[in-house]
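Encoded as structure tokens, the structure appears first; notes follow it.
FYI, it's all coordinate maths here, none of it is from the lab. Since the structure is predicted, the reported quantities are computational estimates derived from the model, not experimental observations. With ideal geometry, Cβ positions are generated from the backbone for all residues, glycine too; neighbour counts draw on all protein chains shown.
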Amino acid sequence: MDNVIHSVFNQTFRLLPQKAIFWEEQQTLILGDLHFGKATHFRKNGIALSQSIATNDFDKFTALLDALKPKQVYFLGDLFHSDYNSEVFEFQEIIKTNSSVKFVLIKGNHDIIKQTHFEKMGIQVVTEWIENTFIFTHEPIPKADFYNIYGHLHPGVRLKGKAKQNLSLPCFYFAEHFAVLPAFSDFTGLKILENKQATAIYLVTDNKVIKAK
């Protein structure tokens, strides 16, 4: 497991190449924008996509649960891309297998599945989650005296080579009062962020997290 560490308010956040954060002191796994069900949603609407997209994301999620054994998991919104579909059942089995873990969903704009469905799975659903000096949300919600950790933007950085090559990579983006997580799902776009506000930026490759600033 990758061990790139970023500290905020004397708390230790391990940045993982799976595009997730592990909060060491709280033994908490933090993920944003999983968009489970997106491939099935597109197929139902006549767009042919491989089932491997969903399988890879589920495999990545279960591997993190097995390796880290977190006490809590915080989903920073957009857990599912659309309404109820067959991928919900696969996800439900993962939650059932990890019944000792506390799962919290901070609702995002894509979370349109009825809250009661999540609650029946054992997932607590909230609009924001405050713990210590941190406020976890889907979209940015500046709040005095709290450090805001959120998703939604699918942040990325564009790298330019001397021969005019371009490469865009997802990133963890840290600023003085907030941090933005990359989208956990591999089937998402990127919003290229400027680094003016950033105190630290970490690029994510296939198997590494690399500090860029």
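Shown for SER185, SER168, SER99: other C-beta atoms within 10 Å of each C-beta, ranked fewest to most, produce the order SER99, SER168, SER185. Multiplying the residue separation of LYS120 and GLN27 by 0.36 nm and subtracting their alpha-carbon distance yields 31.1 nm.
Computed over the range 4-211, relative contact order equals 20 percent, with contacts defined as Cα pairs under 8 Å that lie 6+ residues apart. Averaging Cα coordinates gives a centre for the range 94-159 and one for the range 10-32; these two points are 14 Å apart. Neighbour counting of Cβ atoms within 10 Å sorts the residues ASP33, ASP111, fewest neighbours leading, into ASP111, ASP33. Shape analysis of the range 4-211 places it in the oblate category; the axes a ≥ b ≥ c from the Cα gyration tensor give an a/c of at least 1.5, with a/b not above b/c.
In terms of surrounding Cβ atoms within a 10 Å radius of their Cβ, LYS102, LYS120 rank from fewest to most as LYS120, LYS102. Spacing of the modelled spin labels on HIS177 and ASP145, each 7 Å from Cα toward Cβ, amounts to 1.5 nm.
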